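No lab work stands behind these numbers, since they all come straight from the coordinates. As the structure is a computational prediction, the values presented were derived from the model and not from experiment. We place every Cβ from the backbone using ideal geometry, glycine too, and count neighbours over all the protein chains shown.
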Ligand SMILES: *Cc1c(COP(=O)(O)O)cnc(C)c1O
């Protein structure tokens, strides 16, 4: 039986057993007498992992006994990304072992945080989408949901970002170098996944796919503990190995390269997330990775279902297959293939099961970001899947033509195949169309996003299948993003409203009544001040730059993307700098503007923004006239662990995407939870946050999504805004004339040209209002008591943004048996 929190003894045998196990692990180390921090880290992780492995067995046993009538289906969360970050600190907290390890280390004259720091981040994701999946695993465990996350075990994850002469340089992130003490290899779990080859039609009309290449998928489990029960969640990651590791004949002939060809081809699937898709080879590899993830995961699901129930009829009723964006949208085609070809089910039965099982979350409204693949690539790599997609499309379009006779334009718009244009556009498979047609539920990730989704990119489908479309607003796990990242603030909250918020974040509402308590406000700001000092120390260590913890820490950390508008932030920094230089004697609220984020390796404009940030920083930070009153900091290699350091130290959280472009955002939630005020547009989850804690307690500015749409439809001319705004003119001129690039006026020409011609994200239109919002920020910061009151009201209003709430809503709206009716 799984114990509840009340019955829990944290770890079987208690703390003493942990200390003993740790000693046993250390005794195995190369130098057990004076173990290094890495050795201590591995030993502590190994001990935690053994306990988690036990809990894994108990959890699986409990789930297997649920029977066919369970109200909640077992969830299979398919995602190409899981941005897990570090694991030890979370595991220790969940197992209640943090103090024990701290004391054990103290006896070795070591600091717990020094050991925790040695763990490398599991950075198997790009940004928000991958981090969301990681928060969901935490909530799966916490809510006791029978669930598996499925992903790939990338050897180098995303790239590591370095900065050389102000430019981003990418290098492989070798996170597995020291071994991964967390993963549990499952040598008994493996599946064959095919690519290429041909489909033969047999005498009886059945189709047989003979792949040209077969790769073996091996399972590695990463176990995520609940904090308030002994349940765990599993992230099962697939690792590819060649079926025939070496070509023995070629080997004997001395041709070692040829002998290893299969091996290298299989291994390439494990190398990195998002091979640069600016090349054909990169795109092909990416599609293979997607197919590999989907096939191995679904074979695993079918095998488990057969083991538990002995039949496939109930598969869709008992299992949910969730697509985190369209990256795993091959899943319905692969499930159909497995059910039809391997298990001999008739089409209608296989389709019914598939539709019951599959659901899909959309993460972007930008039409150009919707995933499509050339039919040609499918023919070469996944010929049987293409067959099945054609067949699904045939059924779908036939039904459509019955419902809407004569509307061939509609058929063309919603078809799973983009037929290409008369101008040589090639035929492509539309993955979102496949995901929608094959799902019983489709959801957006914030209220505005879900609304716009059915009004814009998916309007046709929403008219055809209105019952499928829902909203489930994102959330973040309070265990990592408050308890772990900000122990001092957590302690303060505990002292005032108790510890229950970790499990039920809505309890934060208890702080609302205390918002006027000036003493509490001062305590909260004292905690903030200490966190800022720690971050200032990190900045000094990393960049050799002194920043004052007395200044307002103004933070924007996230992927670098034009729609997120880091450039607008830089325009403000430049405007402020120019104003300070023009009037150095005036009273200026000191600011430290902090940026972090990676740019996709082929995304030139984003890389140019990173370079501009460094150029501006060099000029501003060395200008004695502004001195301590303005600093610009770019912290390289943004990731989960860096976010955990920066967010608790932020006074201001910049969430300034063009309205209608940021699906939800989750960074915005982490900041507010940690007592930063938000400077934000009316976009994504900013809106719901403002509604939760009061619009008066957020600095909002800018065009709203309907204004953006209107301005664009009327023909937007950014130059008009520049002409009317002297300050904006000076800022643009300074960049254009090379004031930050040592006179090199060519460096930012593409960037400036775009701002003055298309300005697709309306920076020029929002600039003036952004600057006046920045003035409101300065004004409030000078009223510490009012600032602190708003901070408390922000925290108090964040109860609804736990990923526990998000997952509870997925269960209710998407994954319950109820949702199938
Ligand atoms: C939360 C988080 C994100 C998402 O940030 P947004 O501001 O919502 O884009 C990206 N990367 C990391 C490491 C995160 O922790």
(Q) Based only on Cα atoms, what mean projected area does the convex hull of the stretch 128-236 have, in nm²? (A) 12.1 nm²
Q.
As a footprinting exposure proxy, order 278, 548, 608 by other Cβ within 10 Å, with the fewest listed first.
A. 278, 548, 608
Q. How large is Rg/Rh for the stretch 26-105, to two decimals, with Cα atoms and a Kirkwood Rh?
A. 1.12
Q: Can you give me the three principal axis dimensions of the stretch 281-360 from its C-alpha atoms, in Å, biggest first?
A: 41, 23, 23
Q. What's the extension gain from residue 210 to residue 58 if we count 0.36 nm per residue and subtract their Cα-Cα distance?
A. 50.7 nm
Q. Three principal axis extents, largest first, for the C-alpha atoms of the stretch 40-176, in Å?
A. 61, 42, 20
Q: Would you work out the relative contact order for the chain, in percent, from Cα pairs under 8 angstrom that are 6 or more residues apart?
A: 13 percent
Q.
Rg and Dmax in Å for the stretch 343-398, alpha carbons only: what are they?
A. 14.0, 40
Q: With the cut-off at 22 Å, report for the stretch 219-372 the share of all Cα pairs above it, as a whole percent.
A: 56 percent
Q.
Just want the ordering: 481, 815, from fewest to most Cβ atoms lying within 10 Å of their own Cβ.
A. 815, 481
(Q) Given axes a ≥ b ≥ c from the Cα gyration tensor, I'd like to know whether the stretch 74-118 is rounded (a/c under 1.5), prolate (a/b larger than b/c) or oblate. (A) oblate
Q. For the stretch 410-519, what is the convex hull volume of the alpha-carbon atoms per residue, in Å³?
A. 187 Å³
Q. Rg to Rh ratio, the chain, alpha-carbon atoms and Kirkwood radius?
A. 0.96
Q: Using only alpha carbon pairs under 8 Å that are at least six residues apart, calculate the relative contact order of the stretch 356-455 and give it in whole percent.
A: 46 percent
Q) How do 501, 787 line up, fewest other C-beta atoms within 10 Å first? A) 787, 501
Q: For the stretch 293-336, just say rounded, prolate or oblate: build the C-alpha gyration tensor, square-root its eigenvalues into a ≥ b ≥ c, call rounded for a/c under 1.5, and beyond that prolate if a/b exceeds b/c, oblate if not.
A: prolate
(Q) For the stretch 771-821 and the stretch 343-361, what is the centre-to-centre distance using only Cα atoms, to the nearest Å? (A) 38 Å
Q: For the chain, give the share of DSSP beta bridges that are antiparallel, in percent and rounded to the nearest 5; count only bridges with both residues there.
A: 45 percent
Q.
Highest mean first, how do 328-338, 155-165 rank when packing is the count of other Cβ atoms within 10 Å averaged over residues?
A. 328-338, 155-165
Q) Along the three principal axes, how long is the stretch 616-690 when you take its alpha carbons, biggest first, rounded to the nearest angstrom? A) 42, 27, 22
Q: Could you give the C-alpha radius of gyration of the stretch 653-706 expressed as a fraction of 2.2 N^0.38 Å, taking N as the number of residues it contains?
A: 0.98
Q) Between the stretch 150-213 and the stretch 518-560, how many Å separate their Cα centres? A) 39 Å
Q | Length-normalised contact order for the stretch 475-579 - Cα pairs under 8 Å, 6+ apart - percent | A | 14 percent
Q: State the percent of C-alpha pairs, over all pairs in the stretch 206-270, separated by a distance greater than 19 angstrom.
A: 55 percent
Q: Only helical DSSP H runs with n ≥ 4 go in: add -39500 (n - 2.57) per run for the chain, normalise by residue count and round the 222 nm mean residue ellipticity to 500 deg cm²/dmol.
A: -14500 deg cm²/dmol
(Q) Tell me the Rg and the Dmax, in Å, that the Cα atoms of the stretch 700-750 produce. (A) 14.5, 41
Q. Cα-Cα pairs above 11 Å in the stretch 745-793: how many percent?
A. 74 percent
**Q.** Rotationally averaged projected area of the stretch 576-668 (alpha carbon convex hull; nm²)
**A.** 7.5 nm²
